[in-house]
Amino acid sequence: MERERQENQVRLISLAEGFLYANVLFALHRLGVFRLLDSGPKTLPELAAVMGCDEHRLMRALRGGLVTRLLEVDHENRYQVSGVVKDTLGPAADPSLDAWMWFLYSVQPAICQLDKTVLSGQPIFHFFSQLNQAEIRQFSLAMHNYAKSRGADLPNFLDLSGYKTLLDVGTGPGTYAFELAAKYRQLEISLLDLPSVLEVAKEIEAHYSLENQPHYLPLDFGREEIPGKYDVVLVSNTLHTIGPASSRALLKRLYSNVNSAGCLVVQAQFIPDHQPATRCWPVVFDLILMSITPTGENHGLNETIEWLKEAGFLNVASCRMSLLNTNSYVIGYR
Ligand SMILES: C[S@@+](CC[C@H](N)C(=O)[O-])C[C@H]1O[C@@H](n2cnc3c(N)ncnc32)[C@H](O)[C@@H]1O
């Protein structure tokens, strides 16, 4: 009994202290310590000299890096990055993971005031409408990072053979549409997002060699008409940014953008319909949305299936992809 009580205390304390460890990671990353160690191990005086900061304070921060196993010391007492950092933030790793770190760091001041948002119903700040072009690029690269890594299996599960045109609504970096067009070479893709976001998608397009030139539709789908008819309409990780009421309205509008016998696909990180037993990204992600957007809210699988049926789609079905991929999708046919 006593042991169980102690274990529960440890569990609660580690939850409460989790932010401290995350902040050691953010600080070392933002201070550029990992970058400086890319070229090999360095002593404390060497690091402090390059960074132009106080040796003692830096030593204390580096000690935080040692206990989080982000850093190690070699036999000459020189600091070096651990395997975890080398594989994720090192020179050979995908640079857009940096952007994901930036996103988590940026939303942190909001999420740590979650209690206030729950009481007031107001986000702590409006994250998306405050971004400048450099930050939009960072955010889009963060989404690209996920789509290129754990999210990359959409083309393996979603069979688009026989379809000719695809509209990606809220395309962000465009990665999912590019990946689908890279596999289904006949596909002609149209990417819809705000003009500033599409500038980044054009940058990402340069990594792909596609059969058909992509079309860009720079518009605000909340205020403007969505032009054209397509065999496939993809709405990936976008409904959560606008919330349930606008999502239902958007899906109803999109019905008329789908060719007959075509389909609409909603890819999302669905809140589980049954209470999950452990850590669950879609649930905490929903809390981020509540803290940084006016109407954003993550949605569940069954709820989304109902929205598609309500919009008129038939044979609505869902698909879970690989285990490590937090995305699933719902598909409905016209
Ligand atoms: C979270 S991102 C998803 C990006 C990408 N589809 C993915 O799955 O990684 C949501 C995208 O929806 C776009 N979006 C949100 N509201 C929009 C609107 N009213 N008009 C056009 N795009 C919008 C945002 O700019 C953003 O790029």
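The values are calculated or read from the model by the stated rules, or taken from the named source; none is laboratory data. Source: prediction; values computed, not measured. When we count neighbours, we look across all protein chains shown, and the Cβ atoms used for this are built from the backbone with ideal geometry, even at glycine.
Looking at segment 124-149, which of the residues that are hydroxyl-bearing (Ser, Thr, Tyr) and over 16 Å from Thr241 (Cα atoms) is farthest from the ligand (Cβ to nearest atom)? Break it down stepwise before answering.
Start the filter on segment 124-149 by keeping residues that are hydroxyl-bearing (Ser, Thr, Tyr), which leaves 129, 140, 146, 149.
Add one more test, that the residue is over 16 Å from Thr241 (Cα atoms), and what stays is 146, 149.
On the way: Tyr146: 7, Ser149: 12 Å.
Per the stated criteria, the residue is Ser149.
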Answer residue from segment 167-197, given it is under 19 Å from Ser328 (Cα atoms) and among the acidic types (Asp, Glu) and is nearest to the ligand (Cβ to nearest atom) among those: Asp168
Check on Glu297, exposed (fewer than 15 other Cβ atoms within 10 Å of the Cβ), in the same structural domain as Gln269 (by TED's automatic domain parsing) and not hydrophobic (A, V, I, L, M, F, W, C): no
Residue identified as part of a loop (DSSP other than H, G, I, E, B) and either free of Cβ contacts under 8 Å to residues at least 60 places away in the same chain or out of contact with any Gly (no Cβ under 8 Å at 6 or more places or on another chain) (or both) among Asn77, Asn23: Asn77
Filter result for Asp54 (of a type in the set (Asp, Glu) and either crowded, with 16+ Cβ neighbours inside 10 Å or at pLDDT below 90 (or both)): no
Residue count, segment 88-118 (criterion: within 10 Å of Ser291 (Cα to Cα) and of a type outside the set (A, V, I, L, M, F, W, C)): 6
Helices (runs of 4 or more DSSP H) completely within segment 110-205 that count 2 or more residues being among the aromatic types (Phe, Trp, Tyr) and touching a residue at least 24 places away in the same chain (Cβ under 8 Å): 133-148, 175-183
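Each row is one residue, and each column tells you yes or no for (1) within 19 Å of Glu224 (Cα to Cα); (2) hydrophobic (A, V, I, L, M, F, W, C); (3) more than 14 Å from the ligand (Cβ to nearest atom).
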{"position": "His240", "(1), (2), (3)": "no, no, no"}
{"position": "Ser246", "(1), (2), (3)": "yes, no, no"}
{"position": "Ser256", "(1), (2), (3)": "yes, no, yes"}
{"position": "Asn259", "(1), (2), (3)": "no, no, yes"}
{"position": "Gln267", "(1), (2), (3)": "no, no, no"}
{"position": "Ile271", "(1), (2), (3)": "no, yes, yes"}
{"position": "Pro276", "(1), (2), (3)": "no, no, yes"}
